[in-house]
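The values are calculated or read from the model by the stated rules, or taken from the named source; none is laboratory data. This structure is a prediction, so every number in the text was calculated from the model and none was measured. Here the Cβ positions follow ideal geometry from the backbone for every residue, glycine too, while neighbour counts run over all protein chains shown.
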Amino acid sequence: MASVRTNSRNAGNAEQAFRESALEHLDGLYGYAMTLARNQAEAEDLVQETYLRALQAFERLRPDSNLKSWLFTILRNIRMNRVRDRVSKPPVMAMDEPSDCRRQFEDESAKDPLFLYMNKAKQADVQKAIEELPAAYREVIVLREFEELSYDEIAQVLDCPRGTVMSRLSRAREKLKEMLQDWSLTAAKAANEAGQYESL
């Protein structure tokens, strides 16, 4: 009986330790869910289901596994399954309009020219630009630049070759830079025209 109680206590301790470790990635998972769903209610539901499934399967997670990329993979699989279900079953109600991105931009790499440029841009413009990226580009930008996953970890989450990740990321960065530059020029032109009008 003592052995049974000890095993039960150890199992409980392991689950509690897993819960605490997994909760450290709550904000990151929510930000990624928003990137995929672009809907606050669905994003919250995705995160909740991700944690429930992770708790059911955490004992099968190897000690050397990357918990963060594992959680992100679970969330993405849940989302993809829901999308496939919607394709096969036409929705009764239309989806909500896209919500503002919750995640805030952080300047994490002084070596990255894109980050240097984005850091100078207005926060609202950066968020808007990310939201307007094609889904594949938006996803890889969030995983790399916001969640700081490695190329290999992103490849695991997206279930694609490492080279594909690098290619998408390069195109996404270039597209972001182009959009931000265009908006900056448009804003500067508008400000200049407004100044000329006021001087008349």
Residues within region 18-60 that are touching a Leu at 6+ places or on another chain (Cβ under 7 Å) and outside any helix (DSSP H, G or I), tallied
1
I'm trying to understand the selection: among the residues of region 123-182, which are over 14 Å from F72 (Cα atoms), under 13 Å from the mean Cα position of the chain (by Cα) and of a type outside the set (A, V, I, L, M, F, W, C)?
Q127, E131, Y137, R138, E145
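Tell me the helices (runs of 4 or more DSSP H) entirely within region 86-200 that contain at least 2 residues that are over 24 Å from L67 (Cβ atoms) and at pLDDT below 85.
Details: elements: 113-120, 123-132, 135-141, 151-158, 162-199.
Counting at least 2 such residues, we get 113-120, 123-132, 162-199.
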